[in-house]
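Worksheet: one structure, shown below.
No value in this document is a laboratory result; all are computed from the given coordinates. Note that the structure is a prediction, hence the values are computed from the model and not measured. Please note: Cβ atoms are built from the backbone with ideal geometry, for glycine as well, and neighbour counts cover all protein chains shown.
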Amino acid sequence: MIHRFRNLRKSDAVRRMVAETTITADDFILPIFITEGSKLKEEISSMPNYFRMSLDMISQEIEEISKLGVQSVLLFTKVEDDKKTDDCREALNEKGLMVRSIQRIKSLNPNLIVMTDVALDPFSPYGHDGIVRNSKILNDETVDVLARMSELHAVAGADFVAPSDMMDGRIIRIRERLEETGNSEVGILSYSAKYASSLYGPFRDALESAPGFGDKKTYQMDYRNRLEAIREVVQDVKEGADIVMIKPAGMYLDIIREVRNTVTVPVAAYQVSGEYAMIKASAINGWISEETAILESIYAIKRAGADLIASYFTKDVIRLLKND
Ligand code: PBG
């Protein structure tokens, strides 16, 4: 026998020495759900142990995660029903919840990287990521609002805007708008290849933003497609995206790898709410071991080629790394 492969697996120390994939706290982006009101910390029914919080409660959370070593957060706000209008004008409210959240979080910890969701679904009575007319989701009208929304977040202090809508041409329009308005130091993390997925259900519970009619297949990608993801990513890089993102993550590892091999910008992957829910649900039932399943899912995403991972398990993973 020439190769005794088991020699590289013989002890924990040897396995660590030859491990090809490593993760650190710096790789993670923590999604945060914010709601109006005070003293609210509401568990999301389909996301056990994950919460939607009012801004006063967010302050404690920011302190906790900063101590833990979280470097970056991705903000989502829940919009009250009476503020959802056809033109999604609340998205451009200078005193809106997103603006106040960015300002508050930046004042609590200026070093925390603040990324903001840029999409219209929380603001739309239809729950769609664009302006709706005659049951159609309008591309160019939507892009115009997204660019202005990005400017608003930039002025409030966001480090990166993260358009999650999948309209065509939005990255160049956002980049141009940021330049024109003196916000050139703000980056764009683009959800470049975002698939129409069954795994977003729990997120839509969190923001009460499920589509009121139809589905999102005219803008989000068809999961049968691989080359199309490359087209989307390459186009976003051309238009000025600083970071490209694949979403969901765990069922799209082939896409992550192919994108990593194709472009030279940082590649992020979003382990979405349904991925979180699946692991949580089986762990709660005692069907899988939670900690090992979390780590395996995260290492798989990293191994596939993701430089950054947005995950609801961010805090768990960092704690596990610390105890390791
Ligand atoms: C909507 C948006 C969604 C997610 C992030 N931004 C849901 C959707 O496209 O319907 C999903 C995130 C998750 O499931 O964790 N712009």
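Here are a few things to note about the model shown:
- For the chain, DSSP calls about 20 percent of its internal beta bridges antiparallel.
- Put simply, the amide H of VAL118, placed in the peptide plane, has neighbours under 5 Å in ALA162, SER164, leaving out anything fewer than 5 places away on its chain.
- Taken about its Cα centre, the chain carries a charge dipole of roughly 1200 debye when the Cβ of each Lys and Arg holds +1 and the Cβ of each Asp and Glu holds -1.
- Under the simplified labelling scheme, the GLU291-ASP242 pair shows an inter-label distance of 3.6 nm, with each label point 7 Å from Cα along Cα→Cβ.
- Of all lysines in the structure, those lying under 23 Å Cα to Cα from LYS136, and not within fewer than 8 positions of it along the same chain, are LYS83, LYS84, LYS194, LYS216, LYS217.
- Between LYS41 and THR262, full extension at 0.36 nm per residue minus the direct alpha carbon distance yields a gain of 75.4 nm.
- Extending 7 Å from the Cα toward the beta-carbon at both ILE2 and ASP144 defines two label points whose distance is 6.8 nm.
- Kirkwood Rh, angstrom, the chain [1 / mean 1/r, Cα pairs]: 20.3 Å
- Helix-only mean residue ellipticity at 222 nm for the chain, each DSSP H run of n ≥ 4 adding -39500 (n - 2.57), per residue, nearest 500: -12500 deg cm²/dmol
- Between the residues HIS128, HIS153, GLY201, the greatest Cα displacement towards the positive end of the dipole of the stretch 19-323, with unit charges on the Cβ of Lys, Arg, Asp and Glu, is found for GLY201.
- Gained length - ARG133 relative to ARG303, 0.36 nm times residue gap less alpha-carbon distance: 56.9 nm
- Per-residue Cβ neighbour rank within 10 angstrom, fewest leading, LEU108, LEU30, LEU55: LEU108, LEU55, LEU30
- Label-point separation in nm, ASP12 to ASN109, each point 7 Å along Cα→Cβ: 2.8 nm
- Between SER184 and GLU94, the contour length at 0.36 nm per residue exceeds the alpha carbon distance by 30.4 nm.
- Close amide H pairs (under 5 Å, H built 1.01 Å from N) link SER72 with LEU30, ILE113, residues at least 5 positions away or on another chain.
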